[in-house]
1. Filter segment 9-42 down to the residues that are of a type in the set (Gly, Ala, Ser) and surrounded by fewer than 18 Cβ atoms within 10 Å (Cβ to Cβ) and list them by number.
2. Any residue at all in segment 210-221 that's within 16 Å of the ligand (Cβ to nearest atom), assigned by TED's automatic domain parsing to the domain that holds Glu130, within 25 Å of Ala369 (Cα to Cα) and in a helix (DSSP H, G or I)?
3. Could you please find all residues in segment 319-336 being surrounded by fewer than 24 Cβ atoms within 10 Å (Cβ to Cβ) and more than 12 Å from the ligand (Cβ to nearest atom)?
4. Which ones in segment 248-286 are in contact (Cβ under 8 Å) with a residue 60 or more places away in the chain and farther than 18 Å from Glu310 by Cα?
5. Failed condition for Asp226, given (1) acidic (Asp, Glu); (2) within 20 Å of Ser276 (Cβ to Cβ); (3) more than 16 Å from the ligand (Cβ to nearest atom), with all others met?
6. Considering segment 47-93 alone, what residues qualify as being away from the ligand (no atom under 16 Å from the Cβ) and in contact with a Ser or Thr (Cβ under 8 Å, 6 or more places away or on another chain)?
7. Identify the single condition in (1) at pLDDT below 95; (2) buried (at least 21 other Cβ atoms within 10 Å of the Cβ) that Met5 does not satisfy, given that it satisfies every other one.
8. If you check Met134, Met172, Met109, which single one turns out to be of a type in the set (A, V, I, L, M, F, W, C), buried (at least 23 other Cβ atoms within 10 Å of the Cβ) and touching a residue at least 12 places away in the same chain (Cβ under 8 Å)?
Amino acid sequence: MNGNMIIKNAAELVTCSGFNAKKGKEMAELHIIHDGAVVVKEGRIAAVGKTKEILTEIEKSRHDLTSFDAIDAANKAVLPGFVDSHTHFVFGGYRAEEFSWRLRGDTYMEIMQRGGGIINTVESTRRATEAELMKSGIKRLDSMLSIGVTTVEGKSGYGLDKDTEIKQLAVMVHLNNVHYVDVVRTFLGAHAVPQNYKGKEDAFIDYLIEEVMPDVAERNLAEFCDVFCEKNVFSVDQSRRLLSRAKKLGLKLKLHADEIVQIGGAELAAELGAVSADHLLQASDEGIRRMSESGVVATLLPGTAFSLKEPYARGRFIIDNNCAVALATDFNPGSCFSESIPLIFALATLYMDITIEEAVTALTLNGAAALDRADTIGSIDVGKMGDIIVLEYPSYKFIPYHLGVSTVEKVIKAGNLIYDKEKGGIIHC
Ligand SMILES: [Zn+2]
């Protein structure tokens, strides 16, 4: 595995070209090259163009191709790897019982107040050993990889105490080292109020600021800090206090904002210059306008709305108001136990009035932008990481059309073929 790869004859080379988040109308521009080819050298994209031109160039330069793997993508579409920019994939235990409660009509908040919800997973995650979290983490990353995800964000937030928060983040450091999929880490200590701090939310924020966050930052355990800014969880003032300190410590900011009740999370994201604000089911018009002005990526999570039977975020409205929209799975054991990218494509295009082209941008370049990585991943551009997927079909339009089923045939990570459906799945070296 040397990271040298040529993919040629692609029916559609969907480059998603760009080095910044795409806003509003730009989201529909995919910069497709028909009969396209891409060359990856030592992990980085070295050339992109028409197959004929690329092959002529190689011939002219008398480049030695013996060390390059080649993929003939005739009659197939080629895209950048998917970036799932919002997940909670490291956790202990499951909540199948609660899912059945929700089906009989109990609301998410009712279950949470009963000691279920996040707190239930907190108990199991505190009990889980690092080895157990690693084992389930690898299994989940394998599944994501097989449906074309090459970078994923993962959050802590199932510890709500120093040891467990750090355990979750340390497991993600380790997973990033051992697995092909790149794992971006977010500290979400303020995910819920732990039992021993009920009614003392301010004191819990103090605890996170004074006892936990300095260690997280100093040991480089997380790149982002996130907060569940929501009625009956953490107020706008508490969120502002936590995130302002995080920013001072060098962490970038994300928010779970305006998911259940409109309390001004979108506005706070704009005020603090957050990289993204996520969920936004109830975000105000003014909040969306300010996010657009401040360049905050709006990360929409339709799998969660679907699973909770809530109305979807206003995807069309948010794009039409010139925001950059990313889509992500929100994979977690409670409100959306699914890492399915095909499901997200289906929901976004069928129920949120997001076009297929916009959805592709939202899961590639704008997903990368939501992780502050639009300059290095998320598109097929020279200089970027060679993270590429090959579909079984000739067009990206098959992604939502083949409803709920992965159309990904091959996954190339940093120029190496690491998943091939035709060869039985993940290729272990
Ligand atoms: Zn979340």
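The values are calculated or read from the model by the stated rules, or taken from the named source; none is laboratory data. Since we're looking at a predicted model, the values are computed, not measured. No Cβ is skipped: glycine too gets one built from the backbone with ideal geometry, and neighbour counts run over all protein chains shown.
1. Scanning segment 9-42 gives Gly24, Ala28.
2. So far as segment 210-221 goes, no, none of its residues is within 16 Å of the ligand (Cβ to nearest atom), assigned by TED's automatic domain parsing to the domain that holds Glu130, within 25 Å of Ala369 (Cα to Cα) and in a helix (DSSP H, G or I).
3. Of everything in segment 319-336, those that are surrounded by fewer than 24 Cβ atoms within 10 Å (Cβ to Cβ) and more than 12 Å from the ligand (Cβ to nearest atom) turn out to be Asp320, Asn321, Asn322.
4. Within segment 248-286, Leu251, Lys252, Lys254, Val275, Ser276 meet the criteria.
5. Tallying (1) acidic (Asp, Glu); (2) within 20 Å of Ser276 (Cβ to Cβ); (3) more than 16 Å from the ligand (Cβ to nearest atom), Asp226 fails exactly one: (3).
6. Val48, Ala77, Leu79, Pro80, Gly81, Phe82, Gly92, Gly93
7. (1)
8. Testing whether each residue is of a type in the set (A, V, I, L, M, F, W, C), buried (at least 23 other Cβ atoms within 10 Å of the Cβ) and touching a residue at least 12 places away in the same chain (Cβ under 8 Å) leaves just Met172.
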